[in-house]
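The values are calculated or read from the model by the stated rules, or taken from the named source; none is laboratory data. Small disclaimer: the values here were computed from a predicted structure and weren't measured. Don't worry about glycine lacking a Cβ; one is built from the backbone with ideal geometry, like all the others, and counts go over all protein chains shown.
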Amino acid sequence: MGINYLITGANRGIGLALTAEVLRNKEKVISLCRESSDSDELVSLQNANPSLVELCKADVTDEKDLINASKNIEHLDVLVCNAGIMGARGGMTDKDNDHNGISDVLMTNVAGPFFTIRAFLNKIKRSENPKIIIISSQMGSQKHSGGESYFYRASKAAINNIMITFSNELRRSEIPIVSVHPGWVRTEMGGSFATLSTQESARSLYKFIQKIDMTKSGHFYNYDGNKLDL
Ligand SMILES: NC(=O)c1ccc[n+]([C@@H]2O[C@H](COP(=O)([O-])OP(=O)(O)OC[C@H]3O[C@@H](n4cnc5c(N)ncnc54)[C@H](OP(=O)(O)O)[C@@H]3O)[C@@H](O)[C@H]2O)c1
């Protein structure tokens, strides 16, 4: 049986490029998005590789949605929790730092990966070589000094912390879990001045994913595989 990936937020940005990279390596991918049909690129990838791509619709903030999606999946080896949002970037007075804005960032970036992992865990437990990757950000590191994105930074620090708690609980099942900074990438979130293309980020992430094992579990890495400070 080939290796099966599941990538959340696969309709654009880093998730779409990682989907293309998995396909370039002739492996199977389940592309999970809120609205896959909105993405011409993802639909063309599926049309070109009908036996390798499965589209799966779910919102990562809705655990019932994720559980329903998981019912159609037999087998999973690599789970990549990539979906994320930025929220307010404008410092403490940014008007989007209100109840709804803060809830959206925390529900998507913290609860989202948590719900996704819980929903698909039974499938990944069937794998002989399971791996879970959370796409985090160096902005979540306590050592990172820049940025005025209060709740984005807090959400990535929180998901790194949750990754460690998962790693403790999943150690006995021998499922490695890591969080990874994908680089500063030219996407809707990263903006046009970012240093990496989505393809460059995805190629490095894919290479690093191949090297993940239990010795790496519970740590935070750069896209090139170097360890980062939490
Ligand atoms: N770009 C960078 O420089 C950079 C740097 C560090 C970390 N990251 C992290 O990398 C990941 C991907 O970012 P990106 O740059 O590719 O951003 P992006 O281009 O804005 O794409 C974000 C993706 O997440 C999906 N998403 C958001 N909320 C969702 C939800 N509730 N349910 C399902 N999917 C949802 C979006 O789907 P819709 O189209 O439906 O909104 C989209 O597919 C994020 O976790 C981000 O924090 C990015």
Next on the checklist: Just to verify a result, which residue in the range 40-59, among those that are within 13 Å of the ligand (Cβ to nearest atom) and surrounded by fewer than 17 Cβ atoms within 10 Å (Cβ to Cβ), is farthest from the chain's Cα centre (by Cα)?
Outcome noted: Asp40
Checklist entry - part of a helix (DSSP H, G or I), within 13 Å of the ligand (Cβ to nearest atom), touching a Lys or Arg at 6+ places or on another chain (Cβ under 8 Å) and modelled with pLDDT of 95 or more: does that describe Asn109? => result yes
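Does any residue of the range 24-38 turn out to be assigned to a helix (DSSP H, G or I), at pLDDT 95 or above and either within 28 Å of Ala194 (Cα to Cα) or touching a Ser or Thr at 6+ places or on another chain (Cβ under 9 Å) (or both)?
We begin by selecting, within the range 24-38, every residue assigned to a helix (DSSP H, G or I); these are 24, 36-38.
Retained after the next criterion (residues that are at pLDDT 95 or above): 24.
Restricting the remaining residues to those that are either within 28 Å of Ala194 (Cα to Cα) or touching a Ser or Thr at 6+ places or on another chain (Cβ under 9 Å) (or both) gives 24.
So far as the range 24-38 goes, yes, one or more of its residues are assigned to a helix (DSSP H, G or I), at pLDDT 95 or above and either within 28 Å of Ala194 (Cα to Cα) or touching a Ser or Thr at 6+ places or on another chain (Cβ under 9 Å) (or both).
When you check Glu169 against the structure, is it at positive phi, modelled with pLDDT of 95 or more and away from the ligand (no atom under 12 Å from the Cβ), yes or no? Write out each step before concluding.
Numbers: at positive phi: no; modelled with pLDDT of 95 or more: yes; away from the ligand (no atom under 12 Å from the Cβ): yes.
No: the conditions fail for Glu169.
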Checklist entry - For the range 152-186, which residues satisfy the criterion of being within 23 Å of Val105 (Cβ to Cβ), out of contact with any Ser or Thr (no Cβ under 6 Å at 6 or more places or on another chain) and of a type in the set (Val, Ile, Thr)? => result Ile162, Ile164, Thr165, Val178, Val180
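Looking at the structure I just gave you, is Asp62 within 15 Å of the ligand (Cβ to nearest atom), of a type in the set (D, E, K, R), surrounded by fewer than 20 Cβ atoms within 10 Å (Cβ to Cβ) and over 23 Å from Leu106 (Cα atoms)?
Values: within 15 Å of the ligand (Cβ to nearest atom): yes; of a type in the set (D, E, K, R): yes; surrounded by fewer than 20 Cβ atoms within 10 Å (Cβ to Cβ): yes; over 23 Å from Leu106 (Cα atoms): no.
In short, no.
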